[in-house]
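Inspection log for the structure reproduced underneath, given as structure tokens.
The values are calculated or read from the model by the stated rules, or taken from the named source; none is laboratory data. Only a predicted model underlies this, so the values are computations on that prediction, with no experimental measurement involved. Positions of Cβ are backbone-derived with ideal geometry, glycine not excepted, and every protein chain shown enters the neighbour counts.
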Amino acid sequence: MKELERFIDYDPAGFTLREAVIEAKRCLHCVKPLCRTGCPIENEIPDFIAEMAKGNLGAASAIIAHHSNLPAVCGRVCPHEKQCEGSCILNKRGKGIKIGKIERFIADMDGELSLTPIVIKKKVPGRIAVIGSGPAGLTVAGDLSKMGFSVTVFDAQHEAGGVLMYGIPEFRLPKQVVRREVKKIANLGVEFRLNTMIGTKLTLDMLFEEGFDAIFIGTGNALSKFLPLPGIRLPGVIQATYFLQMVALAKQKSIASREVPIHANDNVVIIGAGNTAIDAARTAIRCKAKTVTVINRARTNEIAALESEVKSAQSEGIKFLSLLNPLELIGKYFVTGLRCNIIHDPGKDKNLIITEKITTIPANKVIIAIGQRPASRIIGSTRGIEVDENGYVKTRDIPYGMTMRSGVFSGGDVVNGPATVVRAMKDAKMAARGIAQYVEAKKLMEKCGLKMTD
Ligand code: FAD
């Protein structure tokens, strides 16, 4: 009970126990709950809200756990305004239920107090290797482990979590929260082999030889897209994902903080205006940069990032300059600025026009945040896996998520391109079912003395 008392005034940025119950009590329990349809993994939102309203936190958590292995993460970083909360009927009165904050409260409480018992399923035959421990890999590992399969997760990084650990900054997603979710998955019996890059010394063929029945590739989009501008290789030009990763590594004390490429008093320009760009901008401010300016080609109201993120960035002093087309990074030995064409906006529904007018924005650091793409390490070292013209892995619908090579499955950003945590989870949940079907069929055929073929 003492532990529970701590949650009564829990976390200023989230809900207190009282606030969570009051918010849950506002739910109308619609006959056709649009919030549930708005959630990509179709979480039983009205059901867990109903339990929360009664104060049954264990029951609420068990309902969430049925669909999600990462509720404390989703409660914080899902684009709720575009999904469950955006679909809530009460939005019509401007008072939609704060579903994300309720989910976060329940998940955090469960994480701290272990309200839901860990049920380790009786083992069924079948060993599965999962490559990548981002939301896709963790979801596959959690779901298959709950079905009773033996699962081993491989990741090149020092800690599990993928972008959750090395991309999304601490102020939006505390790393203790990620560690807690990973621990819950490990407690199901999942083995983690970290600091292990697949596709170099250890290949997929070697994993099959080691006795794995199926392999899931959830390696995300590890490479930054190249921006072919004059001056792009000048010192001071940095990739956003590299910068965010260095900040995360410095926080883990894996590198010295001086190795973080943004320092106090830097004048920083960010090219791109998606969520990664905003995370880089808000992180640069926290590295005590003097000025941070996000520039992009779109109209201000067409910025790719979530409106709430843009507002938070603006409130922290970050400047947004729209309708600029990057032309050249200038500087002799270091970058000193970014030259852009000014884009003319002839009005709504008409195409933007790049003009000959030039403007220069001074900067001693320029962060490139124009998107990511998959690395080809695994594909290059494995026969039979096909990719499309952009390097994304091709998969089949039956069994769901299987690549063109039998027994090798894939999902998440490496298949769909840069998306969201919950999109990767949705894909991974379906792939986990596909893997289970494949492995069960394989084991049955082995019993009959038969072999799986493509
Ligand atoms: P990842 O999370 O990229 O994980 C891939 C894992 O595979 C990594 O751990 C990597 O180390 C490992 N790996 C790669 N290659 C190998 C190899 N050869 N051998 C072993 N391991 C390997 N989405 C949201 O919903 N909300 C947000 O607020 C949000 N913010 C974001 C902020 C940033 C900066 C970025 C970059 C993305 C953000 N996203 C957000 C998107 C979201 O994080 C991704 O869609 C999601 O993480 C994809 O999950 P994944 O499991 O497919 O890949």
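The table below lists the values:
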{"item": "Every residue from segment 270-320 that is buried (at least 18 other Cβ atoms within 10 Å of the Cβ) and among the acidic types (Asp, Glu)", "result": "Asp279, Glu309"}
{"item": "Test result for Ile354, modelled with pLDDT under 95, surrounded by 12 or more Cβ atoms within 10 Å (Cβ to Cβ) and not assigned by TED's automatic domain parsing to the domain that holds Pro230", "result": "no"}
{"item": "Filter result (of a type outside the set (Val, Ile, Thr) and not in a helix (DSSP H, G or I)) within segment 90-111", "result": "Gly94, Lys95, Gly96, Lys98"}
{"item": "Check on Ala250, within 19 Å of Ile435 (Cβ to Cβ) and among the aliphatic types (A, V, I, L, M)", "result": "no"}
{"item": "Considering residues of segment 180-235 that are β-branched (Val, Ile, Thr) and in contact with a strand residue (DSSP E or B) (Cβ under 8 Å, 6 or more places away or on another chain) only, the residue farthest from the ligand (Cβ to nearest atom)", "result": "Ile232"}
{"item": "Answer residue from segment 112-129, given it is in a loop (DSSP other than H, G, I, E, B) and over 30 Å from Asn56 (Cβ atoms) and is nearest to the ligand (Cβ to nearest atom) among those", "result": "Gly126"}
{"item": "Unmet requirement for Ala441, which otherwise passes all of (1) part of a helix (DSSP H, G or I); (2) of a type outside the set (S, T, N, Q); (3) surrounded by 19 or more Cβ atoms within 10 Å (Cβ to Cβ); (4) away from the ligand (no atom under 16 Å from the Cβ)", "result": "(3)"}
{"item": "Qualifying residue in segment 420-437 (condition: among the hydrophobic types (A, V, I, L, M, F, W, C), modelled with pLDDT of 95 or more and over 17 Å from Gly132 (Cβ atoms))", "result": "yes"}
{"item": "Single match in Phe409, Phe320 (criterion: part of a strand (DSSP E or B), within 16 Å of the ligand (Cβ to nearest atom) and of a type in the set (A, V, I, L, M, F, W, C))", "result": "Phe409"}
{"item": "Residues of segment 101-117 that turn out to be under 25 Å from the mean Cα position of the chain (by Cα) and without any contact (Cβ under 8 Å) to a residue 40 or more places away in the chain, as a count", "result": "1"}
{"item": "Wholly enclosed helices (runs of 4 or more DSSP H) of segment 130-237 bearing at least 2 residues touching a residue at least 60 places away in the same chain (Cβ under 8 Å) and within 21 Å of the chain's Cα centre (by Cα)", "result": "135-146, 163-166, 175-187"}
{"item": "Restricting segment 78-108 to residues that are in contact with a Ser or Thr (Cβ under 8 Å, 6 or more places away or on another chain) and within 19 Å of Lys183 (Cβ to Cβ), the residue that is surrounded by the most Cβ atoms within 10 Å (Cβ to Cβ)", "result": "Ile106"}
{"item": "Hits in segment 241-287 (condition: among the aliphatic types (A, V, I, L, M) and free of Cβ contacts under 8 Å to residues at least 24 places away in the same chain)", "result": "Met246, Ala250, Ile255, Ala256"}
{"item": "Single match in Ile379, Ile385, Ile367 (criterion: within 15 Å of the ligand (Cβ to nearest atom), surrounded by 16 or more Cβ atoms within 10 Å (Cβ to Cβ) and assigned to a loop (DSSP other than H, G, I, E, B))", "result": "Ile385"}
{"item": "Residue within segment 161-182 that is surrounded by fewer than 17 Cβ atoms within 10 Å (Cβ to Cβ) and within 21 Å of Ile128 (Cβ to Cβ) present", "result": "no"}
{"item": "Segment 236-277, residues that are of a type in the set (S, T, N, Q) and either touching a Lys or Arg at 6+ places or on another chain (Cβ under 6 Å) or within 15 Å of the ligand (Cβ to nearest atom) (or both)", "result": "Gln239, Thr241, Gln245, Gln252, Ser254, Asn265, Asn267, Asn275, Thr276"}
{"item": "Residues within segment 150-180 that are touching a Phe, Trp or Tyr at 6+ places or on another chain (Cβ under 7 Å) and within 14 Å of Met246 (Cβ to Cβ), tallied", "result": "1"}
{"item": "Odd one out for Arg373, checked against (1) surrounded by fewer than 17 Cβ atoms within 10 Å (Cβ to Cβ); (2) at pLDDT below 95", "result": "(1)"}
{"item": "Subset of segment 22-51 (residues that are β-branched (Val, Ile, Thr), surrounded by 18 or more Cβ atoms within 10 Å (Cβ to Cβ) and over 23 Å from Asp427 (Cβ atoms))", "result": "Ile49"}
{"item": "Test for Ala432: is it assigned to a helix (DSSP H, G or I), in contact (Cβ under 8 Å) with a residue 60 or more places away in the chain and away from the ligand (no atom under 11 Å from the Cβ)", "result": "yes"}
{"item": "Yes/no for Glu440 being more than 20 Å from the chain's Cα centre (by Cα) and free of Cβ contacts under 8 Å to residues at least 12 places away in the same chain", "result": "no"}
{"item": "Selection count where residues are more than 20 Å from the chain's Cα centre (by Cα) and over 14 Å from Asn267 (Cα atoms), scope segment 356-375", "result": "4"}
